[in-house]
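Trainee: Pasting a structure here, questions to come.
The values are calculated or read from the model by the stated rules, or taken from the named source; none is laboratory data. Bear in mind the structure is a predicted one, so any value in this text is a computation, not a measurement. For neighbour counting, all protein chains shown are included, and Cβ atoms are generated from backbone atoms with ideal geometry for every residue, glycine included.
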Amino acid sequence: MKIELLTEVGSTNDYIRRYLGGGEDVFVCAERQTGGKGTKGRSFLSEEGGVYLSALTFYDGLPAEEAFRVMTHAAVAVCRTARAFGADPEIKWANDVLAAGRKLCGILIENELSGGKVRASIVGMGLNVFNPLTGLERVAVRLADVARVPSVAAVREKLIEAYLRPSDFGEYLSYVRFLGRRIRVCEGGGTYEAVARRILPDGRLEVGTEKGIRALSAAEISIRLEA
C-alpha cells in the first residue's frame with residue numbers, strides 16, 4: 001500500500017490517475033487543492049486545514065451493478081473517522097456526510113469500468129477539519145467545531161485506517177437517519193415532495209409520492225431534507 005503526501009496539488013483525483021497502470025492500491029493526500037472537484041461538475045473549496053485524500057483501489061470481479069458499494073464504503077469510512085473524535089455523523093443519501101445538520105465531507109467517485117465490471121475506483125474525500133469555510137458556514141461544518149481534534153494529520157491517519165477496514169451495507173444504513181421523513185426531490189428542473197422510504201441494495205432511494213412509489217437514482221436527482 002503506497003501513501004503519497006503532497007503539499008499542494010490541483011486535484012488529488014486527477015493526480016492519482018498516474019497510478020492506474022500499476023495495479024497497486026494507493027492513497028494520495030494533499031494539504032491543499034487548487035482545483036478540487038465536487039460532484040456534478042462543481043468545484044470543491046480545499047484550503048489548508050482540511051483532509052484532502054484520494055484512494056485508488058483495484059478490484060477483481062466487482063460487477064458494475066454493485067458499484068454502489070464503493071460509495072457506501074467511502075461514506076462509512078468518513079463516519080467512522082468523525083465518530084472516533086467524538087462527533088455524531090449521519091449520511092444524507094447518497095454520500096453526503098453531515099454533522100450537526102451541515103455538510104462535513106464531500107465524496108467524489110470515479111470508477112474505471114471494463115467488461116461490465118469495476119476494474120478500479122478513485123475515491124476522493126474532502127473532510128473539513130480546521131480549514132476556513134468562508135461563505136459556507138450555513139451549509140458546511142468542520143470536524144473541529146463538533147469534536148475534539150488534535151491535528152489534521154491525526155484525522156488523515158484515522159481516515160486511511162477506517163477506509164482500509166471492510167464495511168457492509170448494514171453499517172452504511174446505520175448512519176442514515178432521514179428515512180420516514182418528508183423530503184423535496186429536485187428532478188429535471190422541477191421539485192416535488194415525497195416521503196423517503198428506504199435505500200435499495202443497488203443504491204437507489206425508494207420514495208412515496210402522490211402518484212405512487214418510485215425508485216430514484218442519485219445520478220439523476222438531488223434531495224433536500226424538509227424541516
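Trainee: Can you run down the residue pairs with Cβ atoms below 8 Å, 6 or more apart or on separate chains, where the first is in region 57-77 and touching a residue at least 24 places away in the same chain (Cβ under 8 Å) and among the β-branched types (Val, Ile, Thr) and the partner is crowded, with 17+ Cβ neighbours inside 10 Å and in a helix (DSSP H, G or I)?
Mentor: Final answer for the pair search is 57/70; 72/172; 76/162; 76/172.
Trainee: Further question on the same structure: Here are the criteria: (1) part of a loop (DSSP other than H, G, I, E, B); (2) in contact (Cβ under 8 Å) with a residue 24 or more places away in the chain. Tell me which single one residue 159 does not satisfy.
Mentor: Going through (1) part of a loop (DSSP other than H, G, I, E, B); (2) in contact (Cβ under 8 Å) with a residue 24 or more places away in the chain one by one, residue 159 breaks only (1).
Trainee: Still on this structure, I have one more. If you scan region 200-214, which residues turn out to be at pLDDT below 95 and small (Gly, Ala, Ser)?
Mentor: Matches in region 200-214: 203 only.
Trainee: Checking residue 171 against (1) in contact with a helix residue (DSSP H, G or I) (Cβ under 7 Å, 6 or more places away or on another chain); (2) of a type in the set (D, E, K, R); (3) under 14 Å from residue 84 (Cβ atoms), only one condition comes out false. Which one?
Mentor: It fails just one condition, (3).
Trainee: Quick one: what pairs do we get from region 200-226, first residue over 20 Å from residue 68 (Cβ atoms) and in contact (Cβ under 8 Å) with a residue 40 or more places away in the chain, second surrounded by fewer than 17 Cβ atoms within 10 Å (Cβ to Cβ) and among the hydroxyl-bearing types (Ser, Thr, Tyr), C-beta under 9 Å, 6+ apart or different chains?
Mentor: Every condition considered, the pairs that remain are 224/191.
Trainee: Here is a further query. From the set of residues in region 53-105 that are acidic (Asp, Glu) and at pLDDT below 95, which is farthest from residue 140 (Cα to Cα)?
Mentor: Filtering region 53-105 for residues acidic (Asp, Glu) gives 60, 65-66, 88, 90, 96.
Narrowing further to those that are at pLDDT below 95: 60, 65-66, 96.
Numbers: 60: 36, 65: 31, 66: 30, 96: 11 Å.
The residue in question is 60.
Trainee: What are the residues in region 137-156 that are assigned to a loop (DSSP other than H, G, I, E, B) and aliphatic (A, V, I, L, M), if any? If you could, list the steps in order and put the result at the bottom.
Mentor: Going residue by residue through region 137-156, those that are assigned to a loop (DSSP other than H, G, I, E, B) are 137-139, 141-142, 147-151.
139, 141, 147, 149, listed by residue number.
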